[in-house]
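Okay, so here's the structure we're looking at.
Quick note: the coordinates plus some simple rules give every number you see, no bench work behind them. Please read these numbers as outputs of a predicted model, since none were measured by experiment. Here the Cβ positions follow ideal geometry from the backbone for every residue, glycine too, while neighbour counts run over all protein chains shown.
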Amino acid sequence: MKKDQHKKMKKQKKGGEISRYRWALQVFLIAIALSAALSLASETVLAGAGIAIAVLILVVFVGLGIVFDIIGVAVTAADATPFHSMAAHREKGATEALSLLRNASRVSSICNDVVGDICGIVSGTTAAVIVARLQASFNLKTVLLSVGVTALISGLTIGGKALGKTFAISKCTRVVYWAGRFLHLFHH
């Protein structure tokens with residue numbers, strides 16, 4: 001009997017390792033695809049855009065990074081109990097919210113790491129475009145403009161994520177509920 005248990009445990013351990021590698025590969029491929037899509041969209045819009053459009057694109061990517069960070073934190077902090085009740089009453093989005101909670105580590109990884117990092121990279125690229133356009137507009141060749149814009153964007157991103165994390169932890173049930181409701185739109 002002990003030998004059978006040992007074999008079963010060894011097989012489960014090996015399956016877990018394969019699953020972990022599969023997940024890492026999936027995240028890698030998701031990151032490449034999402035990064036390419038968002039970079040292409042950003043580059044296409046920025047190609048002929050002025051400073052105002054570039055700033056708008058920057059705000060969108062910083063905002064996306066903050067929103068997905070909020071979702072990633074909320075999913076790790078929320079309790080499933082209220083969602084079981086909502087699902088029993090067939091409330092829209094409850095099943096999707098439970099799915100998010102069951103996969104909290106993966107959802108957090110996608111939201112915080114993949115989407116958050118991609119938004120950070122794309123916003124950095126957008127910042128470079130803004131700096132180049134400002135330098136051309138004002139005929140400036142100073143590094144201070146680049147440092148100032150980069151510092152401002154970093155401050156907005158980090159400060160926004162800090163506020164977002166506080167909100168996500170204190171309102172985690174509400175955040176997960178609305179994420180579930182949003183996902184419900186695509187399932188029905």
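Starting from the Cα-Cα distance between VAL59 and HIS84, subtract it from 0.36 nm times their residue separation and give me the gain in nm to one decimal.
5.4 nm
Classify segment 63-164 from the C-alpha gyration tensor, please: rounded if a/c falls under 1.5, else prolate or oblate depending on whether a/b exceeds b/c.
prolate
Let's test the formula: R0 of 45 Å, r as the Cβ-Cβ distance of TYR21 and ARG181. What FRET efficiency results, to the nearest 0.05?
Approximately 0.85, to the nearest 0.05.
From the Cα gyration tensor of segment 14-108, with a ≥ b ≥ c the square roots of its eigenvalues, which class applies: rounded if a/c is under 1.5, or else prolate if a/b is larger than b/c, or else oblate?
On the way: a/c = 3.12, a/b = 1.54, b/c = 2.03.
Oblate, because a/c is 1.5 or more while a/b does not exceed b/c.
Under 16 Å from a point 7 Å along the Cα-to-Cβ line of ILE51: which residues of segment 133-153 have their amide N that close?
From segment 133-153, the list is 133-150, 152-153.
Assuming a ≥ b ≥ c are the square roots of the Cα gyration tensor eigenvalues, decide whether the chain counts as rounded (a/c under 1.5), prolate (otherwise, with a/b larger than b/c) or oblate.
Prolate is the answer for the chain, as a/c is 1.5 or above and a/b outweighs b/c.
Looking at LEU46, GLY148, ILE118, which one has the Cα that reaches farthest to the positive end of the dipole of the chain (charges on Cβ: Lys, Arg +1; Asp, Glu -1)?
Sorting the options by dipole projection puts first ILE118.
How much length is gained if the chain between SER99 and LYS171 is pulled fully straight, taking 0.36 nm per residue apart and subtracting their Cα-Cα distance, in nm to one decimal?
Extending this stretch completely gives an extra 24.1 nm.
Just want the answer: with Cβ charges of +1 for Lys and Arg and -1 for Asp and Glu, which residue in ALA78, ILE130, ILE169 is farthest toward the dipole's positive end in the chain?
Farthest along the dipole direction, towards plus: ALA78.
If you stretched the chain out fully between ILE121 and ALA37, how much longer would it get, using 0.36 nm times the residue separation minus the C-alpha to C-alpha distance?
The span from ILE121 to ALA37 would gain 28.9 nm if fully extended.
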